[in-house]
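Q: There's a structure below that I have some questions on.
The values are calculated or read from the model by the stated rules, or taken from the named source; none is laboratory data. As the structure is a computational prediction, the values presented were derived from the model and not from experiment. Accessible surface is based on the protein model in full, side chains and every heavy atom, while ligands, DNA and RNA are left aside. Shrake-Rupley method; radii C 1.70, N 1.55, O 1.52, S 1.80 Å.
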Amino acid sequence: IDVFNVDKESSTMHGTEVIRINDDDNAISNNKYILSDVDEELAILIKFRRIVSIKTIKIYALNIVDIDQDTSGPKKVYIYKLKNPNVSFDDIACLNPDKSIKCNSEKLNKGQSLQLQYNSEMAKKFSRIKCLAIYIKSNQKNTEITNVNGIEIICHETSPIDTVNNYSINVLLITHAN
């Protein structure tokens, strides 16, 4: 499992905070990515340092040009709100997802968007989150390797007494540079 710790060390742009997990610029590109290792499945665990309510998750998968392996973007993606960040790949694969999405290869190039605030039940389910898991079960071309170029999470930080701060946090997870 790739684990990302999301901290509030960020830059502010037009009232929106952009949080990065590395020192690179925030552009999604085809030479920065995460690859699955032994098969098409990929699990990504995101631990927030503060409690957040998630509005939208965007997943990016571009064509990778600098490797010899046949890769493909995600197809079936499952999202989990976790209470305990100490989970294994097998633990995540056995859980019931809080939300699932079937991705489209054209949308992945621009960011496949998953809206989590479209109804009150979903908004409640993805509020007050400290840890999130994204499990990619399959990919577009049924290749052995799945690639993800970036994940963007748009959320609001919430205080312990359920008030929402007046700004949103854009969490842009730039994947490992190869």
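Q: Would you mind calculating the gained length between Leu35 and Lys141 on full extension (0.36 nm times residue separation, minus the Cα-Cα distance), in nm to one decimal? Display every interim value, and only then the final one.
A: Values: separation 106, 0.36 × 106 = 38.16 nm, distance 1.45 nm.
Contour length minus Cα-Cα distance gives 36.7 nm.
Q: Right, here's the next one. May I ask you to derive the relative contact order of region 35-124, considering only C-alpha pairs under 8 Å and at least 6 residues apart, and to give it as an integer percent?
A: Values: 84 pairs, mean separation 35.7, N = 90.
Computed value for region 35-124: 40 percent relative contact order.
Q: What figure, in Å² to the nearest 10, do you get for the accessible area of Arg49 with a 1.4 Å probe and non-protein molecules left out?
A: Rounded to the nearest 10, the figure is 130 Å².
Q: Suppose accessible area is computed on protein heavy atoms with a 1.4 Å probe; arrange Asp37, Asp68 from highest to lowest. Write down the numbers at each step before the final one.
A: Numbers: Asp37 130, Asp68 165 Å².
Largest accessible area first, the list is Asp68, Asp37.
Q: Can you flag which of Lys58/Lys141; Lys32/Lys130; Lys76/Lys107; Lys102/Lys130; Lys55/Lys110; Lys99/Lys130 are past 23 Å Cα-Cα? All intermediate terms of the calculation are to be shown ahead of the outcome.
A: On the way: Lys58/Lys141 20 Å; Lys32/Lys130 26 Å; Lys76/Lys107 14 Å; Lys102/Lys130 25 Å; Lys55/Lys110 18 Å; Lys99/Lys130 17 Å.
Violating the 23 Å Cα-Cα cut-off are Lys32/Lys130; Lys102/Lys130.
Q: Which order do Ser127, Ser105 take when ranked by solvent-accessible area (1.4 Å probe, heavy atoms of all protein chains), largest first? Show your work: numbers first, answer last.
A: Working: Ser127 30, Ser105 60 Å².
The ranking, largest first, comes out as Ser105, Ser127.
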